[in-house]
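Engineer: Next up is a structure, given as structure tokens.
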Amino acid sequence: MNHFGQNTFAINRAQELARKIEAADSIETLVIHAEEGRRIGESFLGAGLSGALTTYAISWLNDCLAARVVALTAEEARLPAANWCWISLGSEGRHEQTLVTDQDNGLVFSASDEHEATLLRNVFLPFAQKVNQRLAECGFTLCSGDIMAGNPAWCRSEEEWKGLFFDWIHKPEPSALLNASIFFDVRPLYGDFSLVKPLRDMLVKWAPNAETFLRLMATNALAAEPPIGFTGDVVMEKDGGEKFIDIKKYGIRIFVDVARIIGLAHGVDSASTRTRFEMAGQKFGMNPLDVSVALQAMSDLQRLRLGHQQRAIAAGKNPDNHLHPDELSTYDEAVLREGLKQAKRLQQRLKLTYRI
């Protein structure tokens, strides 16, 4: 079977699974579907999908699964009449999930005042915690940083979320910058999507004028510099006798961070890295070819990352982001080197823009 045939087969399998997920009437059934989803996710690269398309396809399947978990749990729970929405954050919000991912989610609900918000939170929390646990049963690891809707800090009324977003932009302390890098990639997943629009509208209105916030975000984005040596080769880290590069930290995350900063700076109403580059890249001094090259470089690095995770899973190991040189063909070495160079160019442009 050629790549076109494999590609079509993989997409058809994903669409068929999505239909089965939508029809599922129990968490036990969804756990079985989740395992099938992981196998399909592992097949996307072999089917010829690019790194960018593979992460999008994996995220799309994960969306279907997570939304059904929320829906089934909501049907069982005795929830109040208030409107509410389950929100996706981080890589899930950007549609950039890989073969291994943890949960990043929250919950927003409507409330008339602070007192009602407190009462409603106490009702929504057991529901949110049950969803988090069920998602974990389906393979979505509990977030080590507790960025989940079952945490009272991230189960809030619309007005409370607005207050947080406003403070993070106008009082950019280290914790605020960290939260912004996760929560400003917000996307509604299930429920009343209109509750998320005011939050995104706030970002469009306030972020472009928040010079201190943007400059500090840019400074953070420069903290991890791509390990390109004087000769232009990739300098690997060493852990004991092993050499590796953290391809997420020193490569992919730089593209994501830069896209987020320029998207916020120019009022782009989207959590998508691609959309942020396409809509704000020119205002950042990038011509259409620069944008295309940056997106291709990120996609290529994602392909290397996914391939590494796929090999680890096949070998019965825990997948991570530590790419080893012996995994790379001569071609992939060139792809890695050029991808990191593109990340470095983006950082240099960031330095010039914010005079860092």
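The values are calculated or read from the model by the stated rules, or taken from the named source; none is laboratory data. Just so we're clear, the structure is a prediction, and the values are computed from it rather than from any experiment. With ideal geometry, Cβ positions are generated from the backbone for all residues, glycine too; neighbour counts draw on all protein chains shown. We work out accessible area using only protein heavy atoms, side chains counted, and drop any ligands, DNA or RNA first. Shrake-Rupley method; radii C 1.70, N 1.55, O 1.52, S 1.80 Å.
Engineer: Kindly establish whether SER144 is among the hydroxyl-bearing types (Ser, Thr, Tyr) and open to solvent by 20 Å² or more (accessible area, probe 1.4 Å).
Structural biologist: Yes, satisfied.
Results for (1) over 17 Å from VAL235 (Cα atoms); (2) in contact (Cβ under 8 Å) with a residue 40 or more places away in the chain; (3) surrounded by 21 or more Cβ atoms within 10 Å (Cβ to Cβ), shown as yes or no for each residue.
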| residue | (1), (2), (3) |
| --- | --- |
| VAL293 | yes, yes, no |
| ALA297 | yes, yes, yes |
| ALA315 | yes, no, no |
| HIS322 | no, yes, no |
| LYS341 | no, yes, no |
| GLN348 | yes, no, no |
| THR353 | yes, yes, no |
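Engineer: Take GLU159 and decide whether it is surrounded by fewer than 19 Cβ atoms within 10 Å (Cβ to Cβ), modelled with pLDDT of 95 or more, charged (D, E, K, R) and over 26 Å from LEU65 (Cβ atoms). Quick ask: steps written out before the conclusion?
Structural biologist: Numbers: surrounded by fewer than 19 Cβ atoms within 10 Å (Cβ to Cβ): yes; modelled with pLDDT of 95 or more: yes; charged (D, E, K, R): yes; over 26 Å from LEU65 (Cβ atoms): yes.
Criteria met by GLU159.
Engineer: Residues ARG134, ARG121: which one is over 30 Å from ALA312 (Cα atoms), among the basic types (Lys, Arg) and either at pLDDT below 95 or open to solvent by less than 70 Å² (accessible area, probe 1.4 Å) (or both)?
Structural biologist: ARG121
Engineer: I'd like to verify a number: residues in region 101-133 that are within 13 Å of CYS155 (Cα to Cα) and of a type in the set (S, T, N, Q), how many?
Structural biologist: Count: 6.
Engineer: Looking at region 180-269, what helices (runs of 4 or more DSSP H) fall wholly within it and have at least 2 residues that are closer than 18 Å to LYS344 by Cα, open to solvent by 10 Å² or more (accessible area, probe 1.4 Å) and touching an Asp or Glu at 6+ places or on another chain (Cβ under 9 Å)?
Structural biologist: In region 180-269, the matching helices (runs of 4 or more DSSP H) lie at 211-221.
Engineer: How many of the residues in region 324-339 are free of Cβ contacts under 8 Å to residues at least 60 places away in the same chain and open to solvent by 70 Å² or more (accessible area, probe 1.4 Å)?
Structural biologist: The qualifying residues number 4.
Engineer: Would you say THR73 is among the polar types (S, T, N, Q), under 22 Å from VAL123 (Cα atoms) and out of contact with any Phe, Trp or Tyr (no Cβ under 6 Å at 6 or more places or on another chain)?
Structural biologist: Yes.
Engineer: Which of the helices (runs of 4 or more DSSP H) found entirely inside region 6-111 contain at least 1 residues meeting this: open to solvent by less than 50 Å² (accessible area, probe 1.4 Å) and among the β-branched types (Val, Ile, Thr)?
Structural biologist: Once the helices (runs of 4 or more DSSP H) in region 6-111 are filtered for at least 1 residues that are open to solvent by less than 50 Å² (accessible area, probe 1.4 Å) and among the β-branched types (Val, Ile, Thr), what remains is 27-46, 51-76.
Engineer: Still on this structure: Return the residue satisfying two criteria in turn: it lies in region 212-236 and is of a type in the set (D, E, K, R) and at pLDDT below 95, and of such residues it is farthest from GLY263 (Cα to Cα).
Structural biologist: Result: ASP233.
Engineer: Before we move on, is GLY285 open to solvent by 20 Å² or more (accessible area, probe 1.4 Å), in contact with a Pro (Cβ under 7 Å, 6 or more places away or on another chain) and not charged (D, E, K, R)?
Structural biologist: On the way: open to solvent by 20 Å² or more (accessible area, probe 1.4 Å): yes; in contact with a Pro (Cβ under 7 Å, 6 or more places away or on another chain): no; not charged (D, E, K, R): yes.
So GLY285 does not fit the description; no.
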